[in-house]
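Here's the structure, in structure tokens; my notes come after.
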Amino acid sequence: MGLKPDHWIRKMVKEQSMIEPFAEMQVRNGVISYGVSSYGYDVRVTDEFKIFTNVHSATVDPKNFDTKSMVDFQGDVCVIPPNSFALARTVEYFRIPRSVLTVCLGKSTYARCGIIVNVTPFEPEWEGFVTLEISNTTPLPAKIYSNEGIAQVLFFEADEVCETSYADKKGKYQYQQSIELPKL
């Protein structure tokens, strides 16, 4: 990156509509921060969640996922049960350029409360809303706040474009519009 990282992000957003909606500055007044940060972008979570439940005693199987193991919830605050997790999606829609790879990490504000966002990459030319996996590792219920920061996306630009992008592979999570459950 020849530009300062935060300038590079703003430039990529303007040139390639990389993040929509886009907050050019970090927003933090009374909320868990989101928007441009020094080396990345802090994403928000919508008010739609899928919370794991044991009501139907379903077995979690990534090859044959049983939707009865989750309940849908919509609201300003999602409470994740102790030692459980929820799926959610970002407010922001991403279009990752062919020369860029990202890594999405949980924010320290949540991590300090025992709430972990799964580390996940966005591969070159991946596009869509991000499905986030949010784990409550504590023995207590945990709150997640809608439309506030949940994770940080770090951007890595290569000197050359990749040989095979996520779009070239016709990746199974391309163009996600909602919370996506596991696919084989």
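Here are some notes:
- Here the condition is being of a type outside the set (A, V, I, L, M) and on the phi < 0 side of the Ramachandran plot; of S33, S57, it holds for S33 alone.
- In segment 129-157, the residues that are among the small types (G, A, S) and not in a loop (DSSP other than H, G, I, E, B): S135, A142, G149, A151
- Of all residues in segment 5-24, those satisfying the criterion of being under 14 Å from R95 (Cα atoms) and part of a loop (DSSP other than H, G, I, E, B) are S17, M18, P21, F22.
- Among the residues of segment 75-121, just one is free of Cβ contacts under 8 Å to residues at least 60 places away in the same chain, part of a strand (DSSP E or B) and more than 17 Å from the chain's Cα centre (by Cα), namely S84.
- Test: residue in segment 25-34 that is in contact with a Gly (Cβ under 8 Å, 6 or more places away or on another chain), touching a residue at least 40 places away in the same chain (Cβ under 8 Å), of a type in the set (S, T, N, Q) and outside any helix (DSSP H, G or I): yes
Each reported figure results from applying straightforward, stated rules to the coordinates on display, with no laboratory input. What you see is a predicted model, and the numbers here were worked out from it, not measured in a lab. Note: ideal-geometry Cβ built from the backbone for every residue, glycine included; neighbour counts use all protein chains shown.
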